[in-house]
Structure formats: structure tokens, C-alpha cells
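Encoded as C-alpha cells, the structure appears first; notes follow it.
The values are calculated or read from the model by the stated rules, or taken from the named source; none is laboratory data. Treat the numbers as computed from the prediction; the structure is a model and nothing was measured. All Cβ positions, glycine included, derive from the backbone under ideal geometry; neighbour counts span all protein chains shown. Accessible surface areas use protein heavy atoms only, side chains included; no ligands, DNA or RNA. Shrake-Rupley method; radii C 1.70, N 1.55, O 1.52, S 1.80 Å.
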Amino acid sequence: MTSPATPAGQPQRPSPPEPPPLWFVAPDGFYALPIAPTPEERTGKARQFVRGLFSRGDDTVWEPAAPYYAGLAELMAAQGISYAAIGLYSTAEAGAAAEPAARYAPTDGVAQCVFTVTAVPTDQVRVDTEVIARGVQAVLGTDPHNDVRWLDLPCGPAVSSVTLTRYTLAPEVTATGEPEELLTGQMQVHVPFPTGPHTAVFTLFTAFTDYWREFSDLMGELLRSVSFVEPTLVALDGKDGQDGDVAYLPGEAGVSGPAG
């Protein structure tokens, strides 16, 4: 399908400007989806992704899974998402102390979340992060279902919005064959760029609300690492930066924390 041509005599709308760079440290347990600008890159990244996500699998699992995640990454990129990851965490009590290979084993149950980052263009002529954040706070606050709060992050002002939604699942999709309720949680944090007319929107969504506190702690840790200037990796995490645990937007937006 192609886009309709611009009528004669009407100027074409300029493309939105590319956002300035943004860095953050992705928590251990985040598996970055293979978002990339070309099909060839997405295919290669998808093959790496499924081998990390299903580390105990083999080609019978990896080969059919890779095209699915490549397509999912293409869909997300088309929607303006610059970075996306799946967070997987063992719910076993001993999981936190286990070796990484055992920590993510699904035998004893896995809690998961979906995390995305989108850089949204703004129409402010002068970049004033506090003014932009106050505007976001006012807009989000009009919805009574949002728990909206002001945040002072190391990188500047931000606004968080938490929404809990309860769904009733139909009997045909439940294990018991009876209607069941599902509670989901979404945390969204808007961080204006001080370096250009954009706002970064960090979104974490999970249906495992029994672990909401743990996911909130992960989100808080990630947000404290956000930087709009190239950070010194040693100052952020005490390591030399060779493990690929810093995500960078735009460009190599698929780089994230350890995957297995």
C-alpha cells in the first residue's frame, strides 16, 4: 500500500526532526527486541534475540520464533518506538541468588513485563524542560484513573503516570474454564529532552501485578540512569561498559542488558 500523493500546489509536510541522543542503563533481565531500520538488520538481530530469550532451546525453537519477533519489532518501529524489551524474572524464592542460567529458568514460574521508549516530538520553540513537564502533568492529571506525580530525576524534571486496569477474562481463555479477573499495571514516565524539542516516554506494562513493587524498583533504577549527554560508563555502573548494558537512542537502539 502506498501513501496518496500530495495535491498539486500544496507543500509537503516536513518530516519530524530526529531526536537527539539518549542513554540509559537497561536492568539485568531485559531482553531488547530487534528494532532496526532494515529487514536484514532485523533478521540478524531477531536470531540473536531468540537465542538469548530461549537460551535452553535449539533450532526447532529459534527458527520459527525469529521471524515473529522480527515482525513485532518492525511493527513497533513503525509506531515510533525506538527501544523495546521484554523483562523476564523467576518467581522462585531462590531466584535472586541463583546463577544467571538458573535465574531465568521458567520451571518455577516467570514474571514478565514489557518496556518501551518513544521519543515524541514537541512543538515548543524554546526548550524549557520544566515548562514542558508542567504541561504534561496538567494534561495527564485530567484523567481521574491516572496517578500522576512530579519526579526530579538526575537528568531533569519528569512526570510519571500509573494506571491499574482490571479485565474480566472469558471462560474460553482461562485454565479453569470460569471467568477470571486480570489486573494489569502500566507505569509511564515523560522526560523532556533538554537538548531538543522532544519528550522521551518510558512505558512499563505488566500483568504480574503481584510483583508491582519489584517492577517499580526496576523502573526507578533505570530512570536514575537516563542521560542526555554521553555518560561515563564507569560512573553509571562501575564497569567498563563492555557488557553491552547501556542503551543508546537513536542509532544502536537495540543494545541493552545481558540476555541470558
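Some values worked out for this structure:
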read-out: Per-residue SASA entry for Thr142, accessible area with 1.4 Å probe, Å² rounded to 10; value: 110 Å²
read-out: Rounded accessible area of Asp217 (nearest 10 Å², 1.4 Å probe); value: 100 Å²
read-out: Prolate/oblate/rounded label for region 126-166 (Cα gyration tensor, a/c 1.5); value: oblate
read-out: Table column - 3J(HN,Hα) (Hz), region 148-162, Karplus curve with 6.51, -1.76, 1.60, x for Gly and Pro; value: 9, 9, 7, 10, 10, 8, x, 8, x, x, 8, 9, 9, 9, 10
read-out: FRET E, pair Asp147, Glu74, Förster distance 35 Å, beta-carbon r, rounded to 0.05; value: 0.60
